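One structure below.
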Amino acid sequence: MTNKEWPLWEVFIRAKQGLNHKHVGSLHAADQTMAIENARDVYTRRMEGVSIWVVESKYIHANEPSEQDALFDPANDKVYRHPTFYILPEELNHM
Amino acid sequence: MEINLEEQFQAKIEQEIKIEPRDWMPEKYRKTLLRQISQHAHSEIVGMLPEGNWITRAPNLRRKVALLAKVQDEAGHGLYLYSAAETLGMSRDQMLEELHTGKAKYSSIFNYPTLTWADMGAIGWLVDGAAIMNQVPLCRTSYGPYARAMVRVCKEESFHQRQGYEIMLTLCKGSEAQKAMAQDALNRWWWPSIMMFGPNDDNSPNSAQSMKWKIKRFSNDELRQKFIDVTVSQTEILGLTIPDKDLKWNESRGHYDFGTINWEEFNNVVAGKGPCNKERLNARVKAWENGAWVRDAATAYAEKRANKKNNSTEAA
Ligand SMILES: [Fe+2]
Ligand SMILES: [Fe+2]
């Protein structure tokens, strides 16, 4: 017995044609083929998807939660990026 | 600048901001969750055994596909929950090891035997019913991965309870013997089901902390009372009798009063002395050991394929 744990995979599912793939959870599998088959069994037993992506979890890179403020701060004070920043006359409909 | 991480954490909890795996959390929060989620996962997995016992003996194909689908769902629930628990830093194999050595617990209800087909009805109706009562508030639990897993679980549970109730209903509309079988199942499953909510609040020392951390939203006794209140009328529709002579409506409380729970029995089953503890654990250990060659073969095959791919890309 090798006692080796199968790697962890993150599962992304497209719920229906036209939507983007969304992260739904993770699972263990020996390889990508098994990961997709397991994802079908674990995450799409009720037609929750039409397409599956699996990515080995070790390839996911993320920012540090503790640096969240610094990372997202630059976007915080840029209200002029939103349409409501601009003051237009009321008689101007639909813009 | 002196930052009190624990206070910041509690402030997030108060503001209903979910905690995610890489966020700072008190060590005790992590441990409490890890214990609760892994126990929950083990319960889903061990919970397949009592019902698995009847799949081949289901009375017709309709019942068989339903039971098979239900048991498969429970496997899925176990997997969602193991994944959620792994985000707290314990490996899957380590969790299974704790189950197999008896270090980790699972819900005591699954240590009772399934003696007749009516037990499939009683389990779906009462055991899944009690589980739903517990699980619905967990969809809002403070730990993100746990809450998300519970949302998936809850979506799937309602069919479990309905198929169980339908089995009971069919038996109750059947022959005298069938109705008696349904009553017998209710008699055996009632008390273990209401014990599923855990010890009384004054005997549940960790509850207060879990409520403060918003892991739990309602106390054991609150959930138990809610379950009893909704189950009484369901029992009346079946024409069955709940095996509790003290059960009666209390106008002033607006709830049903009920008899004293036999906590000695509960503690015995938790301590491993229930009717099926050994059998359940043996079945899990056997499945794990007999599956070892499959896990190894799959690993070897994946490695071989990865090597082949590497070699061919090097050659090209
Ligand atoms: Fe379940
Ligand atoms: Fe269930």
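Points to keep in mind about this one:
Let's see how each residue does on (1) farther than 17 Å from B:GLN225 by Cβ; (2) within 16 Å of ligand 2 (Cβ to nearest atom):
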{"residue": "B:MET150", "(1), (2)": "yes, yes"}
{"residue": "B:GLY164", "(1), (2)": "yes, yes"}
{"residue": "B:LEU169", "(1), (2)": "yes, no"}
{"residue": "B:ALA177", "(1), (2)": "yes, no"}
{"residue": "B:TRP191", "(1), (2)": "no, no"}
{"residue": "B:PRO199", "(1), (2)": "no, no"}
{"residue": "B:MET211", "(1), (2)": "no, no"}
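- One residue stands out in the stretch B:114-137 among those that are away from ligand 2 (no atom under 15 Å from the Cβ) and assigned to a helix (DSSP H, G or I): the one that is nearest to B:CYS172 (Cα to Cα), namely B:ALA118.
- The lone exception for B:ARG63 - which of (1) under 27 Å from B:GLY164 (Cβ atoms); (2) among the basic types (Lys, Arg); (3) under 18 Å from the mean Cα position of the chain (by Cα) it fails: (3)
- Filter result for the condition that a residue is touching a residue at least 60 places away in the same chain (Cβ under 8 Å) and under 20 Å from B:GLY89 (Cβ atoms), over B:ILE37, B:ILE45: B:ILE37
- Of everything in the stretch B:1-36 that is of a type in the set (A, V, I, L, M), within 13 Å of another protein chain (Cβ to nearest Cβ) and in contact with a Ser or Thr (Cβ under 9 Å, 6 or more places away or on another chain), the residue that is farthest from B:GLN72 (Cα to Cα) is B:ILE17.
- Number of residues in the stretch A:68-85 that are surrounded by fewer than 10 Cβ atoms within 10 Å (Cβ to Cβ) and either within 14 Å of chain B (Cβ to nearest Cβ) or within 30 Å of A:TYR43 (Cβ to Cβ) (or both) equals 1.
- Filtered residues of the stretch B:272-316 (kept if among the charged types (D, E, K, R) and surrounded by fewer than 10 Cβ atoms within 10 Å (Cβ to Cβ)): B:GLU314
- Residue match in the stretch B:100-116 (condition: more than 13 Å from ligand 1 (Cβ to nearest atom), aliphatic (A, V, I, L, M) and over 21 Å from A:LEU8 (Cβ atoms)): yes
- Single residue of the stretch B:143-192 satisfying the filter (under 18 Å from B:ASP119 (Cα atoms) and not in a helix (DSSP H, G or I)) that is farthest from ligand 1 (Cβ to nearest atom): B:SER175
- With respect to the conditions (1) touching a Lys or Arg at 6+ places or on another chain (Cβ under 8 Å); (2) part of a helix (DSSP H, G or I), B:ARG140 falls short on a single one, namely (2).
- Of the candidates B:THR231, B:THR313, the single residue that is among the hydroxyl-bearing types (Ser, Thr, Tyr) and free of Cβ contacts under 8 Å to residues at least 40 places away in the same chain is B:THR313.
- Exclusive hit being at pLDDT below 95, away from ligand 2 (no atom under 16 Å from the Cβ) and either in contact with a helix residue (DSSP H, G or I) (Cβ under 7 Å, 6 or more places away or on another chain) or not polar (S, T, N, Q) (or both), set B:ARG30, B:ARG35, B:ARG22: B:ARG22
- In the set (1) at negative phi; (2) more than 12 Å from ligand 1 (Cβ to nearest atom); (3) within 14 Å of chain A (Cβ to nearest Cβ), B:GLY89 fails one condition alone, (1).
- In this entry, B:GLU74 passes the filter for residues that are within 16 Å of ligand 2 (Cβ to nearest atom), modelled with pLDDT of 95 or more, within 12 Å of chain A (Cβ to nearest Cβ) and part of a helix (DSSP H, G or I).
- Restricting attention to the stretch B:11-27, the residues that are over 16 Å from B:TYR146 (Cα atoms) and in contact (Cβ under 8 Å) with a residue 12 or more places away in the chain add up to 2.
- Any chance B:ALA287 is over 30 Å from B:TRP189 (Cβ atoms) and either among the aliphatic types (A, V, I, L, M) or within 11 Å of another protein chain (Cβ to nearest Cβ) (or both): no
- Qualifying positions in the stretch B:38-68 - away from ligand 2 (no atom under 14 Å from the Cβ) and not in a helix (DSSP H, G or I): B:THR56, B:ARG57, B:ALA58, B:PRO59, B:ASN60
The values are calculated or read from the model by the stated rules, or taken from the named source; none is laboratory data. The shown structure was predicted, so the numbers you read here are calculated from the model rather than taken from an experiment. Because the Cβ atoms are built from the backbone with ideal geometry, glycine has one as well, and the counts that use them run over all protein chains shown.
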